[in-house]
Amino acid sequence: MICFEHINKTFNPGTVDENVLFNDFNLKVSDGEFVSIIGSNGSGKTTLLNLLCGTLTPDSGKILLGDTDLTHVKEHKRASKIGRVFQDPKAGTCSGLTILENMALADNKNKRYSLTPAVNKKRIDYYRTLLEECSMGLENRLNTEVGSLSGGQRQALALVIANMSDIDLLILDEHTAALDPKSSEIIMALTDKLVRRHKITSMMVTHNLRFAVEYGSRLIMMHKGGCVLDAAGEEKEELKIESILDIFNGISIEAGNSV
């Protein structure tokens with residue numbers, strides 16, 4: 001379970017640009033939940049992920065992952081249990097290395113370094129099996145440099161890599177936003193397949209309302225550092241894009257934006 005307990009976070013404190021984003025914020029995510037998080041710019045979506053991953057530290061409060069208090073754990077140490085796929089397809093893979101080398105690095109995550117070769121040839125068939133699920137022909141391009149792949153292919157590889165190690169949490173930070181519509185659909189289908197198979201607790205920030213409605217077991221809409229909508233189970237299944245748009249548009253008008 002993920003717990004945000006009494007989180008406070010202020011940006012630029014004591015200045016004219018002071019922004020109190022989280023004020024006694026609380027949230028619990030159960031094991032195995034796939035949570036879609038939507039909201040307008042500045043609502044706290046990405047900040048929430050950054051607090052969880054350790055990119056940011058709360059001013060006060062606690063962040064728990066299971067029985068572990070992550071509040072002041074360094075970002076690189078959290079990475080052993082948290083997989084993250086970013087909006088930029090280039091962020092999750094190494095451009096100058098081949099697909100095989102990228103997967104070998106991921107395969108060795110959390111393992112001790114030694115003088116043995118980084119690429120274990122006995123694992124190649126296993127890597128091909130993982131890549132076949134992407135339906136992009138990547139299993140036949142193991143020796144291709146990742147920098148020559150399309151954005152959708154790199155994001156698919158990043159997704160596979162994020163799930164190769166024994167993680168407790170998968171973070172999806174607008175991971176389809178930079179892709180064309182067809183690639184976005186493929187990546188979301190792959191995401192759903194991997195999350196269901198591994199039964200991994202997942203949190204996905206997205207601006208695509210349809211993806212938020214169609215995928216995941218829970219939907220949260222954020223506004224001004226709080227949750228204005230939190231639907232799970234049957235309530236989530238009954239949600240319609242139109243009803244979410246009504247709430248979203250109401251928030252936009254309240255914030256002084258045009259609909």
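Couple of notes before you dig in:
- Of all residues assigned to the range 147-163, none qualifies as being among the charged types (D, E, K, R) and closer than 29 Å to Asn26 by Cα.
- Any hit, the range 97-118, residues being at pLDDT below 95, closer than 23 Å to Glu185 by Cβ and out of contact with any strand residue (DSSP E or B) (no Cβ under 9 Å at 6 or more places or on another chain): no
- Near pairs, Cβ below 6 angstrom, 6+ apart or cross-chain, from the range 182-196 (under 12 Å from Leu170 (Cα atoms)) to any residue that is of a type in the set (Gly, Ala, Ser) and open to solvent by less than 60 Å² (accessible area, probe 1.4 Å): Val195/Ser202
- Close pairs from the range 19-38: first touching a residue at least 24 places away in the same chain (Cβ under 8 Å) and farther than 19 Å from Leu229 by Cβ, partner β-branched (Val, Ile, Thr) and in a strand (DSSP E or B), Cβ under 7 Å, at least 6 apart: Val20/Thr10; Asp31/Thr201; Gly32/Thr201
- Applying the criterion of being open to solvent by less than 90 Å² (accessible area, probe 1.4 Å) and outside any loop (DSSP other than H, G, I, E, B) to the residues of the range 246-259, the residue that is modelled with the highest pLDDT is Ile247.
- Inside the range 133-159, residues that are touching a strand residue (DSSP E or B) at 6+ places or on another chain (Cβ under 8 Å) and surrounded by fewer than 17 Cβ atoms within 10 Å (Cβ to Cβ) make up a count of 3.
- For the range 167-181, the condition holds for at least one residue, the condition being that it is free of Cβ contacts under 8 Å to residues at least 24 places away in the same chain and within 26 Å of Asn41 (Cβ to Cβ).
- Among the residues of the range 125-147, the one identified as small (Gly, Ala, Ser) and not in a loop (DSSP other than H, G, I, E, B) is Gly147.
- Only one of the numbered conditions (1) under 18 Å from the mean Cα position of the chain (by Cα); (2) in contact (Cβ under 8 Å) with a residue 40 or more places away in the chain; (3) open to solvent by 40 Å² or more (accessible area, probe 1.4 Å) is violated by Leu97, and that is (1).
- Residue selected from the range 224-245 under the condition among the charged types (D, E, K, R) and either touching a helix residue (DSSP H, G or I) at 6+ places or on another chain (Cβ under 7 Å) or under 30 Å from Phe11 (Cβ atoms) (or both), by the criterion most open to solvent (accessible area, probe 1.4 Å): Lys224
- Counting only strands (runs of 3 or more DSSP E) that fall entirely inside the range 1-46 and contain at least 3 residues that are closer than 30 Å to Asp192 by Cβ and more than 17 Å from the chain's Cα centre (by Cα), the qualifying elements are 19-29.
The values are calculated or read from the model by the stated rules, or taken from the named source; none is laboratory data. In this text, all values refer to a predicted model and were calculated from it rather than measured experimentally. When we count neighbours, we look across all protein chains shown, and the Cβ atoms used for this are built from the backbone with ideal geometry, even at glycine. To get the accessible areas, we keep the full protein, side chains included, count just its heavy atoms, and leave off ligands, DNA and RNA. Shrake-Rupley method; radii C 1.70, N 1.55, O 1.52, S 1.80 Å.
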